[in-house]
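Derivation of every value follows stated rules applied to the coordinates shown; laboratory data play no part. Since the structure is predicted, the reported quantities are computational estimates derived from the model, not experimental observations. In this analysis, Cβ positions are derived from the backbone assuming ideal geometry, glycine residues included, and neighbour counts consider all displayed protein chains.
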């Protein structure tokens with residue numbers, strides 16, 4: 001009878017330890033997955049900040065360079081496209097991330113064209129409102145870079161955790177899939193050619 005009780009106790013302890021281990025794995029995976037989603041939201045937040053600055057920038061430029069209508073309309077159109085591409089963190093996959101990146105790249109291109117146009121207007125370049133908006137835009141671009149880097153680091157930690165053995169066995173059972181990384185646009189490794 002004593003052996004039977006000891007066996008029951010050992011089985012109960014092993015069952016409790018196994019349950020605790022699996023519960024801990026699942027909870028860690030959930031926490032890390034939510035961390036990736038939260039970091040993605042922060043990436044979207046800084047892109048939204050950039051989009052929010054653009055109407056003020058366009059209006060400031062419009063006052064000085066009203067005949068640059070095509071460039072200004074291009075920026076407004078690119079902003080509309082960029083803000084129309086929304087990616088839910090839960091539905092983040094390679095295709096949706098690529099669509100998001102393409103829309104944001106279009107906006108970056110339009111802004112670059114706008115800044116080239118601005119070079120033709122020295123009085124605009126000296127305007128305090130424009131200088132402030134330009135500084136805010138530059139700061140936002142830096143924030144975008146930082147948040148994308150943080151997103152990739154958070155994603156790397158999550159992906160590594162769910163791929164380690166024995167976590168990988170349980171990740172599949174619990175439905176945890178690897179998350180995609182924010183990647184540089186093709187051709188961004190080549191420096192742009194600048195000529196004056």
*How would you rank 176-182, 4-10, 24-30, highest first, on the average number of other Cβ atoms within 10 Å across their residues?*
176-182, 24-30, 4-10
*Quote the relative contact order of the chain in percent (integer), defining contacts as alpha-carbon pairs under 8 Å separated by 6+ residues.*
31
*Length gained when the stretch residue 16-residue 183 is fully extended (0.36 nm per residue, less Cα-Cα span)*: 55.9 nm
*Mark the label point 7 Å from the Cα of residue 121 along Cα→Cβ and return the residues of the range 53-74 whose backbone N is within less than 15 Å of it.*
54-74
*Taking Cα centroids, how far is the range 132-185 from the range 28-77 in Å?*
20
*Structure-based [θ]222 nm, the chain - -39500 (n - 2.57) summed over DSSP H runs of at least 4, per residue, nearest 500*: -27500 deg cm²/dmol
*Given 0.36 nm per residue, what is the gain on full extension from residue 131 to residue 88 after removing their alpha carbon distance, in nm?*
12.1 nm
*Which label belongs to the value computed from this structure, given these candidates for Kirkwood radius over Cα pairs in Å: (1) 17.3; (2) 20.2; (3) 21.2?*
(2)
*Any idea what angle helix 128-163 forms with the longest principal axis of the chain, computed on alpha-carbon atoms, 0 to 90 degrees, nearest 10?*
20
*asked:* Going by average Cβ density within 10 Å per residue, which order do the peptides 112-124, 37-49 take, highest to lowest?
replied: 37-49, 112-124
_Distance (nanometres) between label positions extended 7 Å along Cα→Cβ at residue 42 and residue 8_ = 5.2
*Would you please give the FRET efficiency between residue 168 and residue 145, computed as 1/(1 + (r/R0)^6) with r the Cβ-Cβ distance and R0 = 22 Å, to the nearest 0.05?*
0.10
